[in-house]
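The values are calculated or read from the model by the stated rules, or taken from the named source; none is laboratory data. If you're wondering where the values come from, they're calculated on a predicted model, not measured in any experiment. Here the Cβ is made from the backbone with ideal geometry for all residues, glycine too, and neighbour counts use every protein chain on show.
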Amino acid sequence: MTTDASAPAAVSPDRALHRLFLTLFLRGRSSRGLRRNNMPRSVASKLLLTLLAYGCFGCFALAFVQRPVFEISIYLHGMTLLFCGMFIAASSGEILFNKEEADILLHRPVTPQALLRAKLTVLLQVSLWIAGAFNLAGMVAGVLSPNGNALYPLAHALSTVLEAVFCAGGVVLAYELCLRSFGREKLEGIMTTVQVLVAVGTVVAGQLVPRVIGRATFQRGSIGIHPWWFDLLPPAWFAGLDDAITGNGGIRAMTLAVIGVACTSLVAWLALGRMARHYETGMQLLGETTSAVPASQLASRRWLDALVHSPLLSWWLRNPVRRAAFVLVASYLVRDRDVKLRVYPGLAPLLVMPIAFMMPVSQHGADPFGGFGVAFCGAYMGMIPLFALSLLQYSQQWQAGDVFRAAPIPGPALLCAGARQAVTCFITIPLMVFFTAVVYFLRHTSAELPLLLPGLIALPAFTLAPHLGGKAIPFSKAGEEARSARRGLDLFGVILVSISLSLVAIWAWSMGWFHWFLLSEIAVVGVIYTLMRVSLTRAPWPSME
């Protein structure tokens, strides 16, 4: 028997799966709008503008050029954990547990370990592109540091790779523990909770780092005086690895480096080896359908039906199209696994930022920002519904969104209005109560509560912004993991807008013109809101191609 020497070599299953999931990441999960001549071929081409923005933001590390290597690395690893953690936490639910993939792949001779490795390598590849773009300027700062040298770029590249592996492996391991410990009925809710906790944890770790840098004392040695719990944070482990490889650290840096390498190895071994067998079981459980409706879903239906027919909401939702959109969005927010894994982990990190601005940073508990933290909290609160509505346009059942076009509705305005009302009822109002309580308990006074008003006044305009041009129709687009890579930049943009509004508000407060500022803002927002409403009312259905 002879073989054809010119036949191409067979592609290994791991490479084929990796290429498959990378193609899904680059092109999305829908064929609409794709053109052969402009399809992205690599992560760099797909995320070019995003990576350039991360690179520009990373130039802030040059401000640390006269600081020790350990301090530079702490800042870089803290922000890298923030950006990569947000991307992995936001994307992991869509990438790891897609119901359509389960229908295609589970009956094929593909081991759960190979499937999990392929998905995890795509997450790591994109994370490393993001981390590399952000850390490029920081590597220059490390070389120019007083105790830096030419080894720093190599050391920091190694530690950044380990940090990305630790972050991705930690998310996967958390899911696998849920798959092992809970049944199907509780699994979806537990997974959402885990993803929220991971997202919040990465943001908290990223925010604690710069605060500790401001309070710590870095002397001649690279590691100075800082709280004992600082060594428990992952950025400290990988910064210790940088310090140890460059030859500047002592016993403490070596200890932190060993902890970082050991924890990363343990997490990777557990996620890809010991616990990987539970991944296939979880995919099967999540893909199963049952004829009987769970009691929890029946209870939520009864509760939602009673809410919609209550006197206040029945008047507010008197338009039948708005009411139908309200019920649809509310049902997805309460019951749908895909939407919960996308929306709640995407919003959870946003709740940490304003609280960080209000926490005292000095040793004596004083707040150097004055009332700025409260004003920032109010402005930030107005931006959160914008994020929620942007996330709600994606769904694994996006094909069903074509039903909207078949209905006798002239445009998407009424559907978008129902979605805004649902977000207002289930997300905005609870967050208003939460942030007001946080401000009161952290400040121990209600005197600064009026500083929340500028953000609340701007809330209607912020809420309409995603729908301009007939966009952000609920559940009308296929999930796109590449969009999650921009989540950190979206967060940065929200922070800039919130800071700008907060600075104007606190300036008016200090000058005694706050009442006039509120009246002026009401007039300006009223005009902008009216123009936006008119534009949305006239917006046609967006093109399907």
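Here are some residues: ALA253, ALA150. Which one is assigned to a loop (DSSP other than H, G, I, E, B), at pLDDT 65 or above and aliphatic (A, V, I, L, M)?
Going through ALA253, ALA150 in turn, just one is assigned to a loop (DSSP other than H, G, I, E, B), at pLDDT 65 or above and aliphatic (A, V, I, L, M): ALA150.
Identify all residues within the range 148-166 that are crowded, with 23+ Cβ neighbours inside 10 Å and out of contact with any Pro (no Cβ under 8 Å at 6 or more places or on another chain); write none if there are none.
GLY148, TYR152, ALA155, HIS156, SER159, THR160, ALA164
At pLDDT below 85, of a type in the set (A, V, I, L, M, F, W, C) and outside any helix (DSSP H, G or I): which single residue out of ALA90, ALA5, ALA16 fits that description?
Every option except ALA5 fails the conditions.
Give me the residue from the range 394-411 that is in a loop (DSSP other than H, G, I, E, B) and at pLDDT 75 or above and, out of that set, surrounded by the most Cβ atoms within 10 Å (Cβ to Cβ).
Residue satisfying both the conditions and the ranking: SER395.
Report, by residue number, each residue of the range 441-457 that is of a type outside the set (A, V, I, L, M) and either loosely packed, with under 14 Cβ neighbours inside 10 Å or not assigned by TED's automatic domain parsing to the domain that holds GLY378 (or both).
Passing the criteria: PHE441, HIS444, THR445, SER446.
Any residue that is closer than 28 Å to GLY401 by Cβ and modelled with pLDDT of 85 or more - is there at least one of those in the range 508-525?
Scanning the range 508-525, I find no residue that is closer than 28 Å to GLY401 by Cβ and modelled with pLDDT of 85 or more, so the answer is no.
Consider the range 457-478. How many of its residues are modelled with pLDDT under 85 and among the hydroxyl-bearing types (Ser, Thr, Tyr)?
The qualifying residues number 1.
From the set of residues in the range 32-55 that are modelled with pLDDT under 70 and among the hydrophobic types (A, V, I, L, M, F, W, C), which is nearest to VAL122 (Cα to Cα)?
For the range 32-55, the residue satisfying everything is MET39.
Considering the range 346-393 alone, what residues qualify as being in contact with a Pro (Cβ under 8 Å, 6 or more places away or on another chain) and modelled with pLDDT under 70?
Once the filter is applied, which keeps residues that are in contact with a Pro (Cβ under 8 Å, 6 or more places away or on another chain) and modelled with pLDDT under 70, the range 346-393 yields VAL361, SER362, ALA366, ASP367.
Run down ALA244, ALA276 and say which single residue is closer than 24 Å to PHE166 by Cα, modelled with pLDDT under 70, crowded, with 19+ Cβ neighbours inside 10 Å and out of contact with any Phe, Trp or Tyr (no Cβ under 9 Å at 6 or more places or on another chain).
Within the list ALA244, ALA276, the selection yields ALA276.
Mind checking whether some residue in the range 281-288 is assigned to a helix (DSSP H, G or I), within 31 Å of the chain's Cα centre (by Cα), of a type in the set (Val, Ile, Thr) and modelled with pLDDT under 85?
The answer is yes, given that some residue of the range 281-288 is assigned to a helix (DSSP H, G or I), within 31 Å of the chain's Cα centre (by Cα), of a type in the set (Val, Ile, Thr) and modelled with pLDDT under 85.
Would you check which residues across the range 132-161 are of a type in the set (A, V, I, L, M), in contact (Cβ under 8 Å) with a residue 24 or more places away in the chain and farther than 22 Å from GLY260 by Cα and list them?
ALA133, ALA137, VAL140, ALA141, LEU144
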